[in-house]
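Trainee: Sharing a structure with you now.
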Amino acid sequence: MAAMAAEVVHQAERALLLSDFCEAERHARQACQLAAGQADARELQDRACVVALQTLFETQRFGLAHRLLRGLFGSAASAPPNTLLLWLALALDTDSRREAERLILELLDACQPSGPAGSSNGWSRRQYLALLHLYTLEVLLRELREPAGDALGPGDAAAHQRRGAPVAAERAGAGAAGAVARRRRRRQRGGRLGEQGCDD
């Protein structure tokens, strides 16, 4: 089953590179189901979910992403780190921004690595730094540019001041930052597939 899931994930990633978003989504959803519940296929499911989220965004149906993650993992917060980082980066540009901001703050506390190997809940140091990078660019700097109270609630301000995110941001991974750049490019040029979409 894992070998079959690996082949389907490869097909999904290839279709995504070719901008065949509907085919990529179909393979990604199939791979997610094949890998579900298999301990040795968690990385494959993570890769498949990354493809699925990207295709939903590219076809302007990102509102379905939360339902996808909830169906696979019970909640977005329970998704694997790479999947969750991509969802956060893309959700910050949607109606789910407030939820994404609060989840980022929770993860900064819960997933802080205790050593070089990473955190006890599976987040590597590089993934955590990517989270810090995302927090700094998309939450902290935005809040500094806006009038007080327009971004997060007043109770979150103290949490911002306790963290050294600006210092660590330069060392963050490129995954979430890449997603931010991609969604900005998509927003600038518009998406033609959004009106049609793929079969769910």
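Trainee: Test S114 against the criterion of being on the phi < 0 side of the Ramachandran plot, touching a helix residue (DSSP H, G or I) at 6+ places or on another chain (Cβ under 8 Å), at pLDDT below 80 and among the small types (G, A, S), and give yes or no. Spell out how you get there, then give the answer.
Mentor: On the way: on the phi < 0 side of the Ramachandran plot: yes; touching a helix residue (DSSP H, G or I) at 6+ places or on another chain (Cβ under 8 Å): no; at pLDDT below 80: yes; among the small types (G, A, S): yes.
No: the conditions fail for S114.
Trainee: Something else about it: If you take just the helices (runs of 4 or more DSSP H) that sit entirely in region 1-103, which of them hold at least 1 residues that are over 19 Å from L134 (Cα atoms), more than 17 Å from the chain's Cα centre (by Cα) and in contact (Cβ under 8 Å) with a residue 12 or more places away in the chain? If you could, list the steps in order and put the result at the bottom.
Mentor: Working: elements: 2-17, 21-35, 42-58, 65-73, 81-91.
In region 1-103, the matching helices (runs of 4 or more DSSP H) lie at 2-17, 21-35.
Here's the yes/no breakdown for (1) surrounded by 13 or more Cβ atoms within 10 Å (Cβ to Cβ); (2) of a type in the set (A, V, I, L, M); (3) within 30 Å of A24 (Cβ to Cβ); (4) modelled with pLDDT of 90 or more:
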position: L64; (1), (2), (3), (4): yes, yes, yes, yes
position: T83; (1), (2), (3), (4): yes, no, yes, yes
position: R97; (1), (2), (3), (4): yes, no, yes, yes
position: L103; (1), (2), (3), (4): yes, yes, yes, yes
position: R126; (1), (2), (3), (4): yes, no, yes, yes
position: L132; (1), (2), (3), (4): yes, yes, yes, yes
position: R142; (1), (2), (3), (4): yes, no, no, no
position: D150; (1), (2), (3), (4): no, no, no, no
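The values are calculated or read from the model by the stated rules, or taken from the named source; none is laboratory data. Values in this document were obtained by computation on a predicted structure and should not be read as measured data. Please note: Cβ atoms are built from the backbone with ideal geometry, for glycine as well, and neighbour counts cover all protein chains shown.
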